[in-house]
Amino acid sequence: MQSSLLSHVAAANDLTGRWCERAGSDDFVLSGCGIWPLLGILAEAADEPARSELAAATSIAADESRAAALALLAEIADADSTSAALGVWVDADLTLHEAWVRALPEGTVEKLTGRAALDSWADRHTGGLIDRFPLDVQPDTLMVLATAIVAKTAWRTPFHDDVFEPTSGPWAGHRGPGLSRNSETLTDTALLATPDPVTRVVVRGSGDLDVHLLLGDASPAETLRAGLGVLDGSVEVNSALHVGDTGPGLTVRQTRAVADTLRIQLPPFEIHSAHDLLAHRDLFGLRTATDPLVGHFPALSDTPLCVDAAAQNARARFTREGFEAAAVTAVGMVRAVAFRRPHATTEISVTFDRPFGFLAVHRPTGLAVVAGWVAHPPHATGSR
């Protein structure tokens, strides 16, 4: 099915979905659109085979990937409820190609001074949601690239504090803090047409950001993929629910009231995740790019560079007033150094520990010019 999304948006979403498939079943928060622009910028600057691997991870042709990456970041930055920042820090010993620097937004490239400046950048560009940069700066770090993505909204209809005490489902018997609210917009709830039913609730923000809550009995990856599929039109949505319809966490019944009502109950949540992106090198197209034997990014610098680290810190918080989330994603680069790998060898050792003779041989003719014998080793200096 043809996606209804812009190509770079669809590609970033697809990476998010593929990453969710690797994220397991415990609490997590991740931002595919945080790492996607960095991969696009690197793909355009890489040579083969790293270029093709990075392009495959972004689902965008390498010669278009940098422009697509910057377009995505600009769209996030220009939205009402989201913001985005791109940063590049360079060690004093590394000279970047001017053409590459000029292709980035003005002021993007700064001097690499250490951890404190990077922590300050993360804190500033996430409004304090993330105060620690995801990478440490090592003595051999020559270059760091990063994005900071933030999403914040207040709810159009606020929630009320409640006690969350479900009587059915896997959490039956739990008792803890909860949120609840009533609204008259019944179409904010829908059943998604997937093999395993998924219930979707759209919680609408006051600006241009909504939060889609997805309930399903399948794996986290499958449930999230269903929600992503709605965005590109590959999954159908049934928001015309009728009395008797059911789904995960969903009941539709008839009651006596003054108006139709959508009642939502859920626990508030706050999740922090720290991701080592090199744990999934193939997913992010970083298999070859991390090979330290040769450089992979000739468009960046004459210095041979390879990726040495890649990580993301992410946070999401859902409260009665609204939602806020942030992700700081970073890629660190070092000098690629060609070296000979150790391998199995044969060692022969000879010690002249007794009298020995010698010949001085004329190589072209084989003539022994002189011959000799050493009967005694030389004495230490000052002795006979």
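The values are calculated or read from the model by the stated rules, or taken from the named source; none is laboratory data. Quantities reported herein were computed from a predicted structural model and do not represent experimental measurements. Glycine also receives a Cβ, built like all others from the backbone with ideal geometry; neighbour counts cover every protein chain displayed.
Please work out which residue is surrounded by the most Cβ atoms within 10 Å (Cβ to Cβ), limiting yourself to the range 177-209 and to residues that are among the β-branched types (Val, Ile, Thr) and over 23 Å from PHE269 (Cα atoms).
So the residue we want is THR194.
Residue-by-condition table, conditions (1) of a type in the set (Phe, Trp, Tyr); (2) within 18 Å of GLU184 (Cα to Cα); (3) more than 22 Å from the chain's Cα centre (by Cα); (4) in the same structural domain as ASP26 (by TED's automatic domain parsing):
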site: SER206; (1), (2), (3), (4): no, yes, yes, no
site: LEU213; (1), (2), (3), (4): no, yes, yes, no
site: LEU228; (1), (2), (3), (4): no, no, no, no
site: VAL235; (1), (2), (3), (4): no, no, yes, no
site: VAL243; (1), (2), (3), (4): no, yes, yes, no
site: ASP276; (1), (2), (3), (4): no, no, no, yes
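Take the range 315-334 and flag every residue that is surrounded by fewer than 24 Cβ atoms within 10 Å (Cβ to Cβ) and closer than 20 Å to ARG115 by Cβ.
Correct list: ARG315, GLY332, VAL334.
Quick one: what pairs do we get from the range 84-110, first residue surrounded by fewer than 13 Cβ atoms within 10 Å (Cβ to Cβ), second among the acidic types (Asp, Glu), C-beta under 9 Å, 6+ apart or different chains?
From the range 84-110, the pairs are THR95/ASP302.
With (1) at pLDDT below 95; (2) not in a loop (DSSP other than H, G, I, E, B) as the list, and THR351 as the residue in question, which single condition is left unmet?
The number of the failed condition is (2).
Just to confirm my filter: which strands (runs of 3 or more DSSP E) fall fully inside the range 140-239 and include at least 2 residues that are modelled with pLDDT under 90 and in contact with a Pro (Cβ under 8 Å, 6 or more places away or on another chain)?
So the answer is 160-164, 176-183, 198-204, 210-216.
So that you can scan it fast, the table gives a plain yes or no per residue for (1) at pLDDT below 95; (2) within 30 Å of the chain's Cα centre (by Cα):
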site	(1), (2)
GLN254	yes, no
ALA259	yes, no
PRO267	yes, yes
GLY285	no, yes
HIS296	no, yes
ALA311	no, yes
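Just to check your reading of the model, which residue among SER239, SER301, SER234 is of a type in the set (Ser, Thr, Tyr), more than 28 Å from ALA154 (Cβ to Cβ), in contact (Cβ under 8 Å) with a residue 40 or more places away in the chain and surrounded by fewer than 17 Cβ atoms within 10 Å (Cβ to Cβ)?
Only one candidate qualifies: SER234.
Out of the residues in the range 14-30 that are touching a Phe, Trp or Tyr at 6+ places or on another chain (Cβ under 9 Å) and of a type outside the set (Asp, Glu), which is nearest to ALA325 (Cα to Cα)?
The residue in question is LEU30.
Among the residues of the range 242-266 satisfying the criterion of being in contact (Cβ under 8 Å) with a residue 40 or more places away in the chain and farther than 16 Å from HIS212 by Cβ, which is surrounded by the fewest Cβ atoms within 10 Å (Cβ to Cβ)?
ALA259
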